[in-house]
Amino acid sequence: MARTETPRRIRGTQDIFGDEQRRFAHVLSTFERVRALYCFQRIDIPVFESTAVFARSLGETTDVVSKEMYTFEDRGGDSLTLRPEFTAGIARAYLTEGWQQFAPLKITTSGPVFRYERPQKGRFRQFHQIDAEVIGAAEPAADVELLVLADQLLRELGIADGVTLQLNTLGDAETREAWRAALVAHFEAHRGELSEDSLTRLEKNPMRILDSKDPKDRPIADSAPDIDAYLTPEARAFFDAVTAGLDAAGVAWERNARLVRGLDYYRHTAFEFVTDRLGSQGTVLAGGRYDGLIGSLGGPETAGVGWAAGVERLAMLLEEPAAAGIDAVVVPMGAAAEARATGIVADLRRAGVAVEMAYKGKMKARMAKADALGARFAIILGDDELAKGVGAVKALATGTQTEVAFVDLAEALR
């Protein structure tokens, strides 16, 4: 009989365990705690959507849509896509679930997202994001609140040192149109010197040439006109209100006039929190205002602003998290003690005490397990203890041992 080959983990995916999982969980638990301080509600949305949701929101010409999406036809013949990001699905839910009645809506979510790209450090084909959005608030205060939330999250994770908030304005629709025309004129004048990718972008998405990584494009991109000369008074006032709000909240920022978002529905604020601690993959959290998105999906014109961050990247920046300690390990010796220990362990857990059972090996091995798990106490049960209705409770840090009645164990361990 032929031996069955062991299945392998699919390239670009990960099995998260041990220290890595503790880092991962710490990012998520800190995010949950901080978002509650800012009164953001938690939502969950489907992992897959109709392909049109992402094609319309991300733009047919973007690399995500043209090269990176996991798209498939289901048995009913519908084209579905595993979500490559959260915002489009949230905007779809806002429209289809009637959430307009709750505007302005402050929401967060987290979970896996999927992109078919070359795996590298901190980048996977199935990775995880945390996401925060404010929908239905056109005021700069919403941008400020999201940025202060992000700043506090990074501080509470202990990774704010060496992370810089870079900020830019993309102006309003009028500003953007005038700036786009100026960029097209500039790049047309240098058409012969641009890379092939940038020539494609010039036809469809000229702003994306500004963040080209091709060395051939950099001198031309760097000499392109800044947006400031084209800002309407309203757009300038909006950006000034955002920066004044950040200053008032004590959040440091720096201007990056080359920070852009290629899609037309982005307006006003664009931002990235960047670090040099992840090599070339320096962005740890990014977002912006997308006032034109919900309108592009067929809904009414609706203001929106949000950000997302990769959980894996944030976790890579964390200090080594301590393994969670447990309160006690129950060490039963003999069949009668094992039978009684099952009930004791269940009672302790119901009383809120974190307990493990050591039921394999000799006494020395079981006590070693208690030490290895970082337990504060070992509760030893033998025939003598059963006869007296007590557990021998040993403090592992000091070695002191006392007898405690079964009914008093939970209180004693607290």
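We did not get these values from a lab; they are worked out from the coordinates using the rules stated. The structure displayed is predicted, hence computed values, not measured ones. Neighbour counts run over all protein chains shown; Cβ positions are idealised from the backbone, glycine included.
Based on Cα contacts under 8 Å between residues 6+ apart, region 166-258 shows a relative contact order of 44 percent. Protection proxy ranking for 168-180, 263-275, using the average of other Cβ atoms within 10 Å per residue and placing the highest first: 263-275, 168-180. Set the Cα radius of gyration of region 328-413 against 2.2 N^0.38 Å, with N its number of residues, and you get 0.95. Overall, region 271-351 carries a charge dipole of about 260 debye about its Cα centre when +1 sits on the Cβ of Lys and Arg and -1 on the Cβ of Asp and Glu, all other atoms neutral. Working ranking of peptides 186-196, 225-235 by packing, defined as the average number of other Cβ atoms within 10 Å per residue, highest first, is 225-235, 186-196. Across the chain, counting alpha-carbon atoms alone, Rg and Dmax equal 27.8, 94 Å. For GLN129, the amide hydrogen comes within under 5 Å of the amide hydrogens of GLY111, VAL113, VAL311, counting only partners 5 or more places away or on other chains and with H modelled in the peptide plane. Expressed as an acute angle from 0 to 90° and rounded to the nearest 10, what is the orientation of the C-alpha long axis of helix 363-372 relative to the principal long axis of the chain? It works out to around 30 degrees.
Compared with the rule-of-thumb size 2.2 N^0.38 Å for a compact globular protein, region 212-366 has a Cα radius of gyration ratio of 1.87.
DSSP beta bridges fully contained in the chain are about 80 percent antiparallel. Think of region 91-227 as having a plus end and a minus end, set by charges on the Cβ of Lys, Arg, Asp and Glu; of VAL113, TRP99, LEU194, VAL113 sits farthest toward the positive end of this dipole. Phi-derived couplings, Karplus 6.51 cos²θ - 1.76 cosθ + 1.60 at θ = phi - 60°, listed residue by residue for region 73-87: 9, 7, 5, x, x, 7, 8, 10, 9, 5, 4, x, 6, 9, 4 Hz, with x used for Gly and Pro.
In this Cβ point-charge picture (+1 for Lys and Arg, -1 for Asp and Glu), region 216-364 has a dipole of about 840 debye about its Cα centre. Structure note, pairs LYS67/LYS204; LYS360/LYS394; LYS369/LYS394; LYS67/LYS213; LYS362/LYS394: Cα-Cα distances above 21 angstrom do not occur.
Take every pair of alpha-carbon atoms less than 8 Å apart whose residues are at least six positions apart; their mean separation over the length of region 328-413 yields a relative contact order of 31 percent. Summary value for the chain: 15 percent relative contact order, contacts being C-alpha pairs under 8 angstrom separated by 6+ residues. In this label model, ASP15 and MET363 are separated by 3.8 nm, measuring between points 7 Å along each Cα→Cβ vector.
Sequentially through region 211-226, phi angles give Karplus couplings (6.51, -1.76, 1.60; θ = phi - 60°) of 9, 4, 8, 6, x, 4, 7, 4, x, 6, 5, 5, 8, 5, x, 6 Hz, Gly and Pro residues having no value and appearing as x. Counting only alpha carbon atoms, the long axis of helix 140-156 and the longest principal axis of the chain meet at about 40°.
For the pair VAL407 and ARG155, a Förster radius of 51 Å applied to the C-beta separation gives a FRET efficiency near 0.70, rounded to the nearest 0.05.
Rounded to the nearest 20, the size of the Cβ-charge dipole of region 328-413 about its Cα centre is 340 debye, with Lys and Arg at +1 and Asp and Glu at -1. Averaged over residues, the count of other Cβ atoms within 10 Å places the peptides 34-46, 126-138, 303-315 in the sequence 303-315, 126-138, 34-46, highest first. Farthest toward the positive end of the dipole of region 328-413, out of ALA387, ALA354, ALA368, is the Cα of ALA368, where the dipole comes from beta carbon charges about the Cα centre.
Residue exposure proxy: THR302, THR398, THR51, ordered by other Cβ atoms within 10 angstrom of their Cβ from fewest to most, comes out as THR398, THR51, THR302.
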